[in-house]
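Beneath this line is the structure, given in structure tokens, with notes to follow.
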Amino acid sequence: GIKEVRYQVEGGVWTNWEAASSEKSLTLADQDGLQTVLYEVKDNTDKISQFSDAITLDRSLPTGTIEVNDGDPYSTSRDVTLTLTGADETSGLDQMRFSQDGGASWTPWEDFSATKDLTLQGADGPKTVRMELKDKAGNTDSFQDPITLDLDTPTGSVLLNNGDEFVTSRDITLTLTQSDQGSGIKEVRYQVEGGVWTNW
């Protein structure tokens, strides 16, 4: 019959001999990586048998980066390409997923790859694409990159000399409006009667 059992974690000190049980709670050594637990069983004639099993402790988060359209600040198309990096020093990188609403909803988990085609959602304006990485132990961390979607052309108007029909001088004043809902107005230029455009 079984007399006593004891345990050892990753080359540490053996526990005291104790009564056998079907379960035992132990604390692994304070170091990430592969750890071996030894289990000794003693019978009533003091003969001892030893058994072991190993498990990898992984408390480190995966690392990575995400870049939308090679870091361009603006996109004139909903279809963008993500350039991705990912690594995990202990258990190894497992899967990735993506969110465009701050993490409220995610795409399904998929195997990690260095690139990913994605379609931007919603109206023109600033967007943030978030990537979440998961390692084989289940640790996760997220990374993000901003881009501004700009599908529409700018709008505006020009009015010469407050709308006068005639003018008696070559010098005139333009009343102007301009707006853009996506990336915003960058520059303007002018052309008079088919002539050369001014500089931006």
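Could you tell me how many of the residues in the stretch 3-22 are in a strand (DSSP E or B) and of a type outside the set (S, T, N, Q)?
7
Counting just the residues of the stretch 174-189 that are within 32 Å of the chain's Cα centre (by Cα) and of a type outside the set (Asp, Glu), which one comes out surrounded by the fewest Cβ atoms within 10 Å (Cβ to Cβ)?
Lys186
Taking Val68 as meeting all but one of (1) open to solvent by less than 40 Å² (accessible area, probe 1.4 Å); (2) out of contact with any Pro (no Cβ under 9 Å at 6 or more places or on another chain); (3) among the β-branched types (Val, Ile, Thr), write down the number of the exception.
So Val68 meets the others, but not (2).
When you go through (1) over 46 Å from the mean Cα position of the chain (by Cα); (2) loosely packed, with under 10 Cβ neighbours inside 10 Å one by one for Val192, which number turns out not to apply?
It is condition (2) that Val192 fails.
Does the stretch 117-139 contain any residue that is polar (S, T, N, Q), assigned to a loop (DSSP other than H, G, I, E, B), under 15 Å from Leu61 (Cβ atoms) and touching a strand residue (DSSP E or B) at 6+ places or on another chain (Cβ under 6 Å)?
So far as the stretch 117-139 goes, no, none of its residues is polar (S, T, N, Q), assigned to a loop (DSSP other than H, G, I, E, B), under 15 Å from Leu61 (Cβ atoms) and touching a strand residue (DSSP E or B) at 6+ places or on another chain (Cβ under 6 Å).
Counting just the residues of the stretch 4-49 that are polar (S, T, N, Q), open to solvent by 50 Å² or more (accessible area, probe 1.4 Å) and over 30 Å from Gly92 (Cβ atoms), which one comes out farthest from the chain's Cα centre (by Cα)?
Among those residues, the one meeting the criterion is Thr45.
Residues are listed down the side, and each one gets a yes or a no for (1) open to solvent by 50 Å² or more (accessible area, probe 1.4 Å); (2) farther than 30 Å from Ile55 by Cβ:
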| position | (1), (2) |
| --- | --- |
| Leu84 | no, no |
| Asp88 | no, no |
| Ser91 | no, no |
| Ala104 | yes, yes |
| Pro108 | yes, no |
| Ala114 | yes, yes |
| Thr128 | yes, yes |
| Pro146 | yes, yes |
| Thr155 | yes, yes |
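Of the numbered conditions (1) open to solvent by 40 Å² or more (accessible area, probe 1.4 Å); (2) touching a strand residue (DSSP E or B) at 6+ places or on another chain (Cβ under 8 Å), Leu57 fails exactly one; give the number of that condition.
Condition (1) is where Leu57 drops out.
Would you say Lys136 is in contact with a Gly (Cβ under 7 Å, 6 or more places away or on another chain) and modelled with pLDDT of 95 or more?
Criteria met by Lys136.
The values are calculated or read from the model by the stated rules, or taken from the named source; none is laboratory data. Since this is a predicted model, take the numbers as computed values, not measurements. For neighbour counting, all protein chains shown are included, and Cβ atoms are generated from backbone atoms with ideal geometry for every residue, glycine included. Just the protein is used for accessible areas: all its heavy atoms, side chains included, with ligands, DNA and RNA removed. Shrake-Rupley method; radii C 1.70, N 1.55, O 1.52, S 1.80 Å.
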